[in-house]
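All remarks here apply to the structure that follows.
The values are calculated or read from the model by the stated rules, or taken from the named source; none is laboratory data. Since we're looking at a predicted model, the values are computed, not measured. Because the Cβ atoms are built from the backbone with ideal geometry, glycine has one as well, and the counts that use them run over all protein chains shown. Accessible surface is based on the protein model in full, side chains and every heavy atom, while ligands, DNA and RNA are left aside. Shrake-Rupley method; radii C 1.70, N 1.55, O 1.52, S 1.80 Å.
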Amino acid sequence: MLRQLDLFDWTTTIAKIEGDNLYINAGKLSGLRIGDNLEVYAPGREIIHPKTNLSLGWTTGQLKGVVRIGDLFGVDASLGKVVQDRGSLKMMW
């Protein structure tokens with residue numbers, strides 16, 4: 001059976017980086033499980049509709065790396081470890 005989280009675009013933020021450890025503002029309540037891999041992207045560009053001046057959303061930025069979830073804690077948080085770094089993941093901070 002497919003997980004619901006895999007069926008739609010989903011985003012979160014990194015709260016803190018300590019070495020290869022990333023503390024993430026999403027956990028069990030958000031549908032994460034230990035062992036999940038998350039791709040980390042730099043912010044993209046916001047696209048504004050020229051007539052309505054409303055945001056259409058954000059483009060996908062450059063892939064920075066991959067993080068594997070190793071622990072779930074708190075109400076809805078997790079700890080991930082960098083498993084693939086394109087050389088600039090830690091430089092985002």
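The set of residues in segment 67-83 that are touching a residue at least 60 places away in the same chain (Cβ under 8 Å) and either in contact with an Asp or Glu (Cβ under 8 Å, 6 or more places away or on another chain) or open to solvent by 30 Å² or more (accessible area, probe 1.4 Å) (or both) comprises LYS81, VAL82. For segment 67-93, filtered to residues that are modelled with pLDDT of 90 or more and of a type in the set (Gly, Ala, Ser), the residue that is farthest from GLU39 (Cα to Cα) is GLY74. Residues in segment 48-66 that are modelled with pLDDT of 95 or more and either in contact with a Leu (Cβ under 9 Å, 6 or more places away or on another chain) or of a type in the set (Asp, Glu) (or both) were compared, and the one that is surrounded by the fewest Cβ atoms within 10 Å (Cβ to Cβ) is HIS49.
Among the residues making up segment 71-84, those that are more than 10 Å from LEU22 (Cα to Cα) and in a strand (DSSP E or B) are ASP71, LEU72, PHE73, ALA77, VAL83, GLN84.
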